[in-house]
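Let me begin by presenting the structure, written as structure tokens, before commenting on it.
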Amino acid sequence: MNLKNATTQQKRNMATNHRTSIDLLQNLAKDESYGVRGRVGRNPNTPVDVLQELSKDVDVYVRRGISLNPNTPEYVLRNLIKDHHWDIRRNIGRHSKGSVNLLILLFEYEKTLKNPDHEVIIDLYENPKFPVFAKRVIETLFGDWA
């Protein structure tokens, strides 16, 4: 299908489809519609270099897609730790590729915020990879949340 003649909904469908070619995903990642770019970010077949580029997108919906993609590598997730949108940080705290180091970095960042997000803290606390010593810190700092 020619992308120039495709509707936004058709592009969204292509971006979501797991059988969409990598070339087409790369082109869709440059679409003017944040809805199309966000769906490319969520597609598990999107190449890592495209995910990395999309992680810098100005639109929160696009960055959120990256944070939800099960194949987003940890180094790309690290770029999103300081995202101003709590939902992105929450997804990082629950991400299957999140190592102990990534979770600790997220927690360290969350602690620096004037108003740490309750949901992010709870998700970190409940993550089985989150170390016991860090859970004790949460209990001390945010006892009523844990």
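The values are calculated or read from the model by the stated rules, or taken from the named source; none is laboratory data. Quantities reported herein were computed from a predicted structural model and do not represent experimental measurements. Note that each Cβ is placed from the backbone with ideal geometry, even for glycine, and that neighbours are counted across all protein chains shown.
The table below gives the values:
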{"item": "Residue among Leu141, Leu105 that is over 16 Å from Ala15 (Cα atoms), over 12 Å from the mean Cα position of the chain (by Cα) and at pLDDT below 95", "result": "Leu141"}
{"item": "Cβ-Cβ under 9 Å pairs, at least 6 apart or on other chains, region 16-31 side in the same structural domain as Tyr61 (by TED's automatic domain parsing), far side loosely packed, with under 14 Cβ neighbours inside 10 Å and β-branched (Val, Ile, Thr)", "result": "Asp31/Thr8"}
{"item": "Spans of helices (runs of 4 or more DSSP H) in region 30-130 with at least 1 residues under 30 Å from Leu3 (Cα atoms)", "result": "34-42, 48-54, 60-68, 74-80, 86-94"}
{"item": "Region 72-86, subset touching a residue at least 24 places away in the same chain (Cβ under 8 Å) and closer than 18 Å to Val100 by Cβ, residue surrounded by the most Cβ atoms within 10 Å (Cβ to Cβ)", "result": "Thr72"}
{"item": "Subset of region 17-26 (residues that are assigned to a helix (DSSP H, G or I), surrounded by 14 or more Cβ atoms within 10 Å (Cβ to Cβ) and not hydrophobic (A, V, I, L, M, F, W, C))", "result": "Gln26"}
{"item": "Hey, Leu68 modelled with pLDDT of 95 or more, assigned by TED's automatic domain parsing to the domain that holds Val137 and surrounded by 15 or more Cβ atoms within 10 Å (Cβ to Cβ) or not", "result": "no"}
